[in-house]
1. What does the extension gain come out to for residue 82 and residue 51, with contour length at 0.36 nm per residue minus their alpha carbon separation?
2. DSSP loop trypsin sites (Lys or Arg not before Pro) in segment 23-102 with at most 16 other Cβ atoms within 10 Å of their Cβ, which ones?
3. Taking 7 Å along the Cα-to-C-beta vector as the label spot, tell me the residue 68-residue 39 distance in nanometres, rounded to one decimal.
4. Need one number: nm distance between label points at residue 32 and residue 99, each 7 Å from Cα along Cα→Cβ, rounded to one decimal.
Amino acid sequence: MKKCLNPLIKIMSLYLLFSQVTLADTNYNQAKKLLDAGEILPLEQIITKISKQSSEYILEIELEINDNMPLYEIEFIDRHSKVWELKVNAKTGEVIERKLDD
């Protein structure tokens, strides 16, 4: 049974790896289209804006579309080693939500 699971695990790992690459490429293409259309602000502007509010280290940034509103979801760590999550309106740069990440 152990020998049967090993190839299956390899196949599933490859599937997950390639699906993530495709997802990242899709997100990049979507972000580029929205940026070119003027629907979202450049990420550099968002980072500059939130950096003025505090001095944290960014861990991860994702672009999401929720109810037809583009949002940057930004995870960062503060100087007390706590992980926070910001939701920022990608069109206006307005911080919509700031919460401690679980």
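We did not get these values from a lab; they are worked out from the coordinates using the rules stated. Please read these numbers as outputs of a predicted model, since none were measured by experiment. Because the Cβ atoms are built from the backbone with ideal geometry, glycine has one as well, and the counts that use them run over all protein chains shown.
1. Extra length available between residue 82 and residue 51 comes to 9.5 nm.
2. Answer in residue order: 79, 82, 91.
3. 1.1 nm
4. Modelled inter-label distance: 3.3 nm.
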